[in-house]
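Remarks on the structure that follows.
Derivation of every value follows stated rules applied to the coordinates shown; laboratory data play no part. Just so it is clear, the model here is predicted, and its values are computed rather than measured. Every residue, glycine as well, gets a Cβ built from its backbone with ideal geometry; the counts of neighbours run over all protein chains shown.
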Amino acid sequence: MAPRFYLRHLERRRLQKFEAQLVDAITLVANSLRAGMSLAQGLEMVTREMGPPIRLEFGYALQENRFGKPLPEAFEAMKKRVRSEDLALVVNAMNIAMETGGQLSEVFNRLADSTRERHRIKGRIATLTSQGRLQGIVMTLLPWFMAVALYVLDREMMRPMFTTLPGQLMLASVVVLEAVGWLLVSRIVSVDI
């Protein structure tokens, strides 16, 4: 249980780091294309200039390309491996631009701008919803703290809550209503972009 939870935590952190590096990688590729380099050379520059995890993923894609896999297929494999919405957007736009003969440097510049804006909006939403999340936690824990305080102060007053059927039904209803309240607050403060 704990190792699986820890692995998921590490995977989320790696994905966050990858997505944070993606904007710089896209900008680097766009600048190298504008400087007259090929797409493969621009991608190679990412593997030389940037740190992990983006260096490793781009390196795997370029290695697959060197072994004969077309670049669009190598990036499709990377998209499946990494499972990032931002990367999926980049790979899809890159594939469309390569198929239609679009100006890749302009495509990469626009992708960098839109990805940067998405990250800015995500950060702003996280900031705005953090107060709601904290209020949800406080409102969920408050009845339990009150029950413990009342139990410590006057056990005889709280005893019927645990020993009689009406008290047990009230406790069960509190648990159910707390769970429903927590789900509603979680749904309200979670915003998809």
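Some observations on this one:
- Cβ-based exposure ranking for Glu76, Glu49, in which fewest neighbours within 10 Å come first: Glu49, Glu76
- Principal-axis analysis of the Cα atoms of the chain puts helix 104-153 at an angle of about 10° to the longest axis.
- Normalised by 2.2 N^0.38 Å, where N is the number of residues, the C-alpha radius of gyration of region 128-189 stands at 1.34.
- Candidates Gln41, Gln135, Gln16: whichever shows maximal mean-square fluctuation once the chain is modelled as a Gaussian network with Cα springs under 10 Å: Gln135
- Cα-based helix-to-principal-axis angle, 165-189 vs the chain, degrees rounded to 10: 20 degrees
- Percent RCO, i.e. relative contact order, over region 53-169, from Cα pairs under 8 Å lying at least 6 residues apart: 10 percent
- Nearest 10 degrees, 0 to 90: helix 39-49 Cα axis against the chain principal axis: 60 degrees
- Cα Rg over Rh - the chain, Kirkwood: 1.24
- Hz values of 3J(HN,Hα) by residue in region 11-16 - Karplus curve (6.51, -1.76, 1.60), Gly and Pro given as x: 5, 5, 5, 5, 5, 4
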